[in-house]
Amino acid sequence: MSKALVTFANGETLTIHEGQLLVPLVSSNNCENHKVVFGEVYEVWYHAHDALIPSILHFFAISEFFFTVDNRKKIYNPKTVVTVEQL
């Protein structure tokens, strides 16, 4: 199973594996109020030449915040990612 190591600006790391489910949090702006809602669950996929990197970067581009399905108690900010390294 393919894995990647994500390092955040505060030095914290997160290992993401192929097939892992991530949940994006995104802004929902309507006329009455502004709120954050859960986006569609995203499954990390494998690219034949670039492994997990394209999948992870795509997910980060569409997420304002996110959490893993395995741990809903910790929310991450993808804008603070320093590196994504294929393991």
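Assigned to a loop (DSSP other than H, G, I, E, B) and over 20 Å from residue 5 (Cβ atoms) - does that describe any residue in region 67-78? There is no residue in region 67-78 that is assigned to a loop (DSSP other than H, G, I, E, B) and over 20 Å from residue 5 (Cβ atoms). Checked against (1) under 11 Å from the mean Cα position of the chain (by Cα); (2) at pLDDT 95 or above, residue 7 meets all criteria but (1). Residue count for region 34-87 under the criterion of being open to solvent by less than 40 Å² (accessible area, probe 1.4 Å), closer than 11 Å to residue 22 by Cα and hydrophobic (A, V, I, L, M, F, W, C): the result is 6.
Listed conditions (1) open to solvent by less than 50 Å² (accessible area, probe 1.4 Å); (2) in a helix (DSSP H, G or I) are all met by residue 26, apart from (2). Given 55, 28, 2, which one is out of contact with any strand residue (DSSP E or B) (no Cβ under 6 Å at 6 or more places or on another chain) and of a type in the set (Gly, Ala, Ser)? Of 55, 28, 2, the one residue that is out of contact with any strand residue (DSSP E or B) (no Cβ under 6 Å at 6 or more places or on another chain) and of a type in the set (Gly, Ala, Ser) is 55.
The values are calculated or read from the model by the stated rules, or taken from the named source; none is laboratory data. Owing to the predicted nature of the structure, the values given are computational and were not obtained by experimental measurement. Cβ atoms come from the backbone with ideal geometry, glycine included; neighbour counts cover every protein chain shown. Side chains included, ligands, DNA and RNA excluded: accessible areas come from the protein's heavy atoms. Shrake-Rupley method; radii C 1.70, N 1.55, O 1.52, S 1.80 Å.
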